[in-house]
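The values are calculated or read from the model by the stated rules, or taken from the named source; none is laboratory data. If you're wondering where the values come from, they're calculated on a predicted model, not measured in any experiment. So basically every Cβ, Gly included, is an ideal-geometry build from the backbone, and we count neighbours across all protein chains shown.
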Amino acid sequence: MPLRWLAILCMLAATSACSSLRYYAHVTHGQVALLVQREKVADVVADSRRDETLRRRLAQTQAARLFASDRLDLPRNRSYTSYVELGRPYVTWNVFATAEFSVEPLAHCFPFAGCVAYRGYFQRERAEREASRLAALGKDTAVEGATAYSTLGWFSDPILSSMLRWNDDELDGTIFHELAHQKLYVQDDTPFNESYASFVQEQGVREWRAARGLPAPDEGERARDTAFTQLVLDLRDRLEALYATERPAARMRADKEAEFAAFRRRYAQLRDTQWQGSPRYDRWVGAPLNNAKLVPFGLYERWVPAFERLFREAGGAWAAFHARAKALAALPKAAREEELARLASGS
């Protein structure tokens with residue numbers, strides 16, 4: 001085990017309960033397993049015995065990686081210059097949980113990343129056991145797979161085979177997104193961090209495509225994503241208002257299910273009238289719904305309009321944009337959110 005991880009684990013051991021220490025040992029083992037499996041992308045690309053599509057796509061990531069540093073002012077380091085074949089569809093599985101009558105997620109706090117709205121596991125079985133444990137306590141739970149994550153510059157993060165499940169724009173954009181976390185990260189403010197990284201991803205992909213003489217990304221797909229997110233956020237607002245009322249538990253449960261049913265009807269209308277029947281979200285909407293499944297929505301998009309305006313005010317200059325984002329990050333949280341709301345509103 002690398003000495004850095006041993007030092008971290010020993011420090012955690014001094015302050016953690018046994019159950020927490022077991023969790024930290026699990027994630028430490030999972031991270032170390034990734035580190036020891038890394039292959040240099042250059043070696044994979046040069047190996048004619050490897051799959052040709054894999055070699056081609058990895059070669060393109062290195063061009064995108066160089067573009068990220070040269071043009072997007074993102075960290076210039078060894079992250080995303082190595083590759084790991086996972087042998088599984090996701091690198092981690094995140095467990096989200098809420099109270100039965102609340103849309104607020106249970107927060108999990110860590111020494112370096114601060115507090116986040118989920119707990120990640122390298123093994124799906126562990127994630128599902130934790131979700132079952134919380135469900136037995138009366139919590140709403142959801143388990144969602146993650147294709148990538150950032151160590152925030154502590155280690156040289158590799159390209160993961162799970163990242164290759166998407167198209168080239170998503171693959172390259174994920175690299176931009178995760179490098180943005182290395183560029184700027186604020187403890188205990190997931191909406192800020194994810195919105196900042198999401199904007200860098202979206203704008204970075206636009207510029208990366210333009211640099212290669214490709215047309216702009218399909219804005220219709222992005223518009224559908226935005227509309228669906230707003231539909232989910234509207235549902236969350238409706239549930240929050242419901243849970244603020246004083247009703248017997250049985251009545252609250254019935255009204256909660258009625259809200260989910262109404263949401264499905266609103267979704268069907270949107271899909272059939274504006275999206276020409278696109279089934280993009282049918283599986284998600286058709287699966288059982290609860291409060292925890294709503295948690296990820298809004299975390300990645302909430303302040304994207306604010307960062308879009310910040311970028312325009314910076315004249316499209318990445319160094320100036322990152323500097324202004326860093327200045328926002330230095331504000332107390334309440335002042336930061338007030339300024340982000342002002343930017344997002346256009347005032």
task: Tell me which residues, restricted to segment 274-297, are at pLDDT below 95 and assigned to a helix (DSSP H, G or I).
output: Q274
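Take the conditions surrounded by 13 or more Cβ atoms within 10 Å (Cβ to Cβ) and at pLDDT 95 or above and apply them to E194. Does it pass? Give the steps one after another, and end with the answer.
Details: surrounded by 13 or more Cβ atoms within 10 Å (Cβ to Cβ): yes; at pLDDT 95 or above: no.
Considered against the rule, which asks whether it is surrounded by 13 or more Cβ atoms within 10 Å (Cβ to Cβ) and at pLDDT 95 or above, E194 comes out as no.
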task: State yes or no: is R222 under 28 Å from A323 (Cβ atoms), assigned to a helix (DSSP H, G or I) and at pLDDT below 95?
output: yes
query: Does segment 109-126 include one or more residues that are over 23 Å from Q31 (Cβ atoms), surrounded by fewer than 19 Cβ atoms within 10 Å (Cβ to Cβ) and not aliphatic (A, V, I, L, M)?
result: no
task: Hey, can you tell me all the residues within segment 127-163 that are farther than 27 Å from S82 by Cα, touching a residue at least 60 places away in the same chain (Cβ under 8 Å) and either more than 19 Å from the chain's Cα centre (by Cα) or assigned to a helix (DSSP H, G or I) (or both)?
output: K139, D140
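Quick one: is L35 in contact (Cβ under 8 Å) with a residue 60 or more places away in the chain, touching a Leu at 6+ places or on another chain (Cβ under 9 Å) and not small (G, A, S)?
On the way: in contact (Cβ under 8 Å) with a residue 60 or more places away in the chain: yes; touching a Leu at 6+ places or on another chain (Cβ under 9 Å): no; not small (G, A, S): yes.
Taking the combined requirement at face value, the residue does not satisfy it.
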message: Which residue is surrounded by the fewest Cβ atoms within 10 Å (Cβ to Cβ), if the candidates are limited to segment 79-99 and must be in contact with a Phe, Trp or Tyr (Cβ under 9 Å, 6 or more places away or on another chain) and more than 21 Å from L58 (Cβ to Cβ)?
response: A99
